[in-house]
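Only one structure is covered here, and it is reproduced in the block below.
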Amino acid sequence: MAESGSLQDVVGRLGDLPAMPELVVEVLRVTDDPESGMTEVETVIQKDPALTAKILRISNSPYYGMKQHVGSLKLALVILGVREVRNIVLGVSVFDTFRDSRADAVLAKDYWQHSFLVGALCKKLGSALGLSVDGESFIAGLLHDIGKLVLLRQLWDPYLSVYQESGGVSGPLCEAEQEVLGFTHCDAAMALAQQWNFPQTLAHAVRLHHPSKSIPLTEAKDPELAALVRMANLTGHAEIEKKDDEDPGTIEVIDEEAWSVLDKAPSPIAVEDRGRVLTDFLLELRDSPPPTF
Ligand SMILES: [Fe+2]
Ligand SMILES: [Fe+2]
């Protein structure tokens, strides 16, 4: 995906972003090192018991959808795999770094529920389509709206009014962000991803979770992952609108650009079945509380 010159402007506007915590740097180093094994990864993560507890809470949450209880970090590394655990560490530490009580008060529970829901939907839709994006699909969904947290932390006053006036609803929010700030929460997420050295597949999927006029999905490092996040986000918002309905009916999620990528998956979903499949995923998840962390 072409880097636009404007990303540098965004980085400038956001000011100094916090650095990645030392322990995460170490986790990334150890997981990238072909000489290191699972025991080394476990030793590094275990230095932070709170982080270990959060990994287990996420792995055992209904959103993660494991059939088996994950009782220890060792088991998480065996069942989920090193790459997935590494990505969960990255996700947890992004949230830990950018989340504070001010942001929590603004974003409220909906943000967390929506983030976990989109993570879960990415995972479910990815496996229904037979895509080999496991290891990144959950975390890409979980982090898709991280740009909102980055903007609240870095530009509190101007962003707060943009956020509140648009009601935090995607379409109007992106427009208001663009109008007032000159960039969106997608751009803010990309700036963070660059500084924190996110895997490019993950960075591009987060960057493109709302349609972009200048960057087609096919330019993403992994267009399937990016299309999954786009679709899961739309589905997650459909859920919010139908929260109080007794019968949610069949949702309609229209994004031809994303479906044109997903239609090439090993097990594509027929056009007439799309709404039903996504609605069923929502019904499985809609009442689950997000894990606390
Ligand atoms: Fe968003
Ligand atoms: Fe979202």
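Other residues with beta-carbon under 13 Å from the beta-carbon of Ser260 carry, at +1 per Lys or Arg and -1 per Asp or Glu, a net charge of -2. Candidate membrane-span-like segments in the chain, meaning DSSP H helices with Cα atoms spread over at least 20 Å of their own axis and a Kyte-Doolittle mean of 0.0 or above, are 82-98, 101-128, 223-241, with no membrane implied. The relative contact order of region 23-141 comes to 24 percent, based on Cα pairs under 8 Å that sit 6 or more residues apart.
Distance between the modelled labels on Glu284 and Lys109, one decimal in nanometres: 2.3 nm (7 Å Cα→Cβ projection). Across every pair of non-identical alpha carbons in the chain, the mean reciprocal distance, once inverted, gives a Kirkwood radius of 19.4 Å. Dipole of the chain (Lys/Arg Cβ +1, Asp/Glu Cβ -1, origin at the Cα centre): which of Tyr159, Thr31, His185 lies farthest to the positive side? It is Thr31.
Largest mean-square fluctuation among Val78, Val133, Val206, in a Gaussian network model of the chain whose springs join Cα atoms under 10 Å apart, belongs to Val78. Computed per residue of the chain from DSSP H runs no shorter than four, each worth -39500 (n - 2.57), the mean residue ellipticity at 222 nm is -19500 deg cm²/dmol. Solvent-accessible area of Tyr111, all protein chains in place: 10 Å² (probe radius 1.4 Å, heavy atoms, ligands and nucleic acids excluded).
Sequence-ordered 3J(HN,Hα) estimates for region 73-80 from the Karplus curve with 6.51, -1.76 and 1.60 and θ = phi - 60° stand at 4, 4, 5, 4, 5, 6, 7, 7 Hz, glycine and proline given as x.
Among the protein heavy atoms, those of Val82 account for about 40 Å² of accessible surface (1.4 Å probe, every chain in place). Beyond 19 Å, how much of the Cα-Cα pair distribution for region 178-281 remains, as a whole percent? Tail of the P(r) past 19 Å holds 49 percent of the pairs. At an R0 of 45 angstrom, the distance between the Cβ atoms of His69 and Glu35 translates into a FRET efficiency of 0.90. Taking a straight Cα-Cα cut-off under 21 Å and skipping sequence neighbours fewer than 8 places away in the same chain, the lysines within cross-link reach of Lys54 are Lys67, Lys74, Lys109, Lys123. Of the accessible area of the chain, computed with a 1.4 Å probe over protein heavy atoms only, carbon and sulfur atoms account for 51 percent.
At the residue level, Glu224 shows approximately 60 square angstrom of accessible surface with a 1.4 angstrom probe and all protein chains present.
The values are calculated or read from the model by the stated rules, or taken from the named source; none is laboratory data. Because the structure is a prediction, the values reported are computed rather than measured. Note that each Cβ is placed from the backbone with ideal geometry, even for glycine, and that neighbours are counted across all protein chains shown. Side chains are part of the model used for accessible areas, which takes the heavy atoms of the whole protein and leaves out ligands, DNA and RNA. Shrake-Rupley method; radii C 1.70, N 1.55, O 1.52, S 1.80 Å.
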